[in-house]
Amino acid sequence: MSTEDLLKGGQPIKIEHIFGPEIKPHEILEFESMLRFQDDQLFGESGFERSGKVVITRAPARLDVMGGIADYCGANVAALTLERGAVVGCQIRKDRQLGALSLGNQCTSLLGLRISVDDFYERGHLKSYKQIRQLFTRNSKTSWAAHVLGGFFVLLKEGKIQHLPHGATVAIKSNIPMGAGIASAAAIEVATLAATNAVYELGMDAKEIARVGQIVENRVVGMPCGPMDQITSASGEQGTILSIHCQSDPVIEAVPLPFRTRVIGIHSKVKRPSNAAYIDARTAVFMGLTILKRESDCEKLRDNRLCNLTVPEFRRRYRSYLPARMKGRHFLDQYGGTVDSATEVNPEKTYSIRSRVEHPIYEHARVRKFFQSIKDAAADADNVKTHLKLAGKLMYASHWSCRYRVGLGSPQIEQIVNSVRKIGIQGGFYGARITSGGGGGTVAVLCHGNIASGLIQVLAAYKLAWGLEAEVFYGTTLGPCQSEHTVLNLS
């Protein structure tokens with residue numbers, strides 16, 4: 001941000017640093033500058049008051065390295081944070097209004113939504129999640145605010161806070177591109193909840209913030225994601241890949257990357273046309289779970305975690321119960337529905353069940369082998385490339401499964417993965433795979449050593465084929481639960 005931009009809002013106001021680190025990410029420093037110089041986007045009728053405390057937090061984007069869409073099946077997944085992040089500033093209001101602001105690079109990009117705390121209630125009782133979702137979706141231009149203000153409702157609904165004594169203004173400034181498949185929404189949810197956690201002194205840890213954030217995404221926004229995005233954003237550590245075993249109480253381990261090894265993201269600049277393929281795949285997985293529970297009475301599936309089945313026992317005992325495809329209506333007539341509260345079986349659709357169930361069970365096993373290879377590479381410097389080659393093969397196998405078992409992918413993503421594979425280890429590339437629920441978005445690439453020349457080749461080939469300038473994401477940064485929030489006093 002230039003000096004001219006900083007001064008456009010008026011003369012500086014006094015800011016007292018009350019709490020937080022002295023050394024801060026540049027995004028937080030930029031946010032503080034907008035406060036100091038009274039940026040027009042931040043102040044005014046829908047914005048901050050020019051006096052009072054402001055709590056500032058930052059949550060990073062995440063890169064789905066392995067596992068991804070198997071998280072809702074209880075799988076082990078691998079993810080890390082990226083350098084991109086969402087910054088949230090939260091200021092208490094004197095009235096009962098909750099306001100959300102989205103800050104861009106120009107004043108014209110300001111978006112705003114204001115509701116009342118009282119809008120959460122009907123006849124003295126909290127509304128249902130369905131009613132709150134309708135509250136946020138009544139205007140498509142401001143439906144994004146569900147990611148921000150929805151957290152206040154979830155905290156009330158889940159009993160984390162008994163009542164909201166006052167309103168609040170929440171301002172978001174994010175440099176995470178939407179539609180890139182790197183969890184821009186989760187970063188906003190986690191940053192907002194981290195700020196709310198500090199404002200109300202709720203004492204929530206990373207797991208609890210992630211759990212509440214997932215409820216916001218599932219029940220308020222209406223997107224049936226698993227827990228990986230919010231956990232990674234909240235708990236990320238520098239120089240590590242998070243191993244997240246997505247059970248009811250997630251087991252999180254930070255696995256250090258070997259020396260000169262990193263995982264980057266290559267953004268195709270192609271946005272997913274919709275989330276339909278991901279949602280259909282998840283629906284089919286829970287249809288398969290329902291069939292297995294009914295037909296086999298498997299003890300391991302009593303907690304609804306498909307990945308409690310090992311690959312050998314699934315293939316030997318349970319695979320034969322699953323139809324390759326099944327019409328939604330036939331399933332509903334026979335089984336009545338699934339246990340998944342985030343999806344509904346469409347009677348008119350035909351679902352591919354067997355292959356969708358196979359993916360998370362096989363992926364869970366692949367991720368465990370992947371982490372063992374990463375650990376072996378870190379411990380065995382003389383044979384680091386050998387171990388990374390195995391990890392890379394597992395990534396390519398995961399990519400194949402996402403494409404052919406789950407039905408995800410796009411020609412642009414295939415172009416990037418194939419280019420990486422063709423250049424291979426001589427260019428520093430050991431593995432690549434599609435990320436998230438993508439029909440576009442970002443490719444995760446496992447790298448070691450100098451990748452400059454190979455990366456130029458991949459980006460040039462992609463531009464020649466599609467006329468698009470791919471973007472490279474690097475990592476890693478701390479999640480908000482691994483660093484202190486900042487408290488400023490304006491006067």
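Any read-out appearing in this document is the output of simple, stated calculations on the displayed coordinates, not a laboratory observation. Here the structure is a predicted model, which is why all the values come from computation and not from measurement. When we count neighbours, we look across all protein chains shown, and the Cβ atoms used for this are built from the backbone with ideal geometry, even at glycine.
Ordered by packing density, taken as the mean number of other Cβ atoms within 10 Å over each peptide's residues, highest first, how do 351-364, 412-425 rank?
Details: 351-364: 23.1, 412-425: 19.6.
Highest to lowest by the protection proxy: 351-364, 412-425.
When the helix-only estimate is applied to the chain (DSSP H runs of n ≥ 4, each -39,500 (n - 2.57), divided by the residue count), what is the mean residue ellipticity at 222 nm, nearest 500 deg cm²/dmol?
The helix-only estimate for the chain comes to -11500 deg cm²/dmol at 222 nm.
Quote to one decimal, in nm, the extra length available between S51 and E484 on full extension: 0.36 nm per residue of separation minus the C-alpha distance between them.
Values: separation 433, 0.36 × 433 = 155.88 nm, distance 2.25 nm.
Stretched fully, the S51-E484 segment lengthens by 153.6 nm.
For segment 147-191, how big is the tail of P(r) above 16 Å, as a whole percent of Cα pairs?
In whole percent, the share of Cα-Cα pairs in segment 147-191 beyond 16 Å is 47.
With r defined as the distance between the Cβ atoms of K300 and A276 and R0 fixed at 35 Å, what FRET efficiency is calculated, to the nearest 0.05?
Details: r = 31 Å, r/R0 = 0.87.
Once the sixth-power term is evaluated, E becomes 0.70.
Which of rounded, prolate or oblate describes segment 34-141 when judged by the alpha-carbon gyration tensor and an a/c cut-off of 1.5?
Oblate is the answer for segment 34-141, as a/c is 1.5 or above yet b/c matches or exceeds a/b.
Which length gain, in nm to one decimal place, applies between F259 and N139 when the Cα-Cα distance is subtracted from 0.36 nm times their residue separation? Write down the numbers at each step before the final one.
Working: separation 120, 0.36 × 120 = 43.20 nm, distance 4.93 nm.
So the chain would gain 38.3 nm between F259 and N139.
Over the chain, what is the mean sequence separation of C-alpha contacts under 8 Å (at least six apart), divided by residue count, expressed as relative contact order in percent?
Relative contact order comes out at 24 percent.
Considering only the other residues whose Cβ falls under 14 Å of the Cβ of P25, what net charge follows from Lys and Arg at +1 and Asp and Glu at -1?
Here the charged neighbours net out to -2.
Could you sort 44-50, 31-37, 67-73 so that the peptide with the highest average Cβ count within 10 Å comes first and the rest follow in order?
Top to bottom by mean Cβ count within 10 Å: 67-73, 31-37, 44-50.
How large are Rg and Dmax for segment 339-438 when only the alpha carbon atoms are used, in Å?
When restricted to the Cα atoms of segment 339-438, Rg and Dmax are 16.4, 57 Å.
Give the Cα extents of segment 422-491 along the principal axes, in whole Å, largest first.
Computed over segment 422-491, the largest-to-smallest principal extents equal 56, 28, 25 Å.
Taking 0.36 nm per residue of separation and subtracting the Cα-Cα distance, what length does fully extending S320 through D382 add?
17.9 nm
List the residues, sorted by chain then number, that are 5 or more residues from G431 or on another chain and whose placed amide H is less than 5 Å from its amide H.
Answer set, sorted by chain and number: L446.
Which aspartates and glutamates have a Cα lying under 18 Å from the Cα of K385, excluding residues fewer than 8 positions away in the same chain?
Qualifying aspartates and glutamates at Cα under 18 Å: D376.
What order do you get for D64, D303 when you list them from fewest to most C-beta neighbours inside 10 Å?
Least crowded to most crowded, the residues run D303, D64.
Excluding same-chain pairs closer than 8 in sequence, count the lysine pairs in segment 116-244 whose Cα atoms lie under 21 Å apart.
Total qualifying Lys-Lys pairs in segment 116-244 comes to 8.
Ordered by packing density, taken as the mean number of other Cβ atoms within 10 Å over each peptide's residues, highest first, how do 278-288, 292-302, 201-211 rank?
On the way: 278-288: 24.5, 292-302: 14.0, 201-211: 18.0.
Ranking, from highest mean packing down: 278-288, 201-211, 292-302.
Quick one: order D39, D249, D376 by neighbouring beta-carbon count within 10 Å, fewest to most.
Listing D39, D249, D376 from fewest to most nearby Cβ atoms yields D249, D376, D39.
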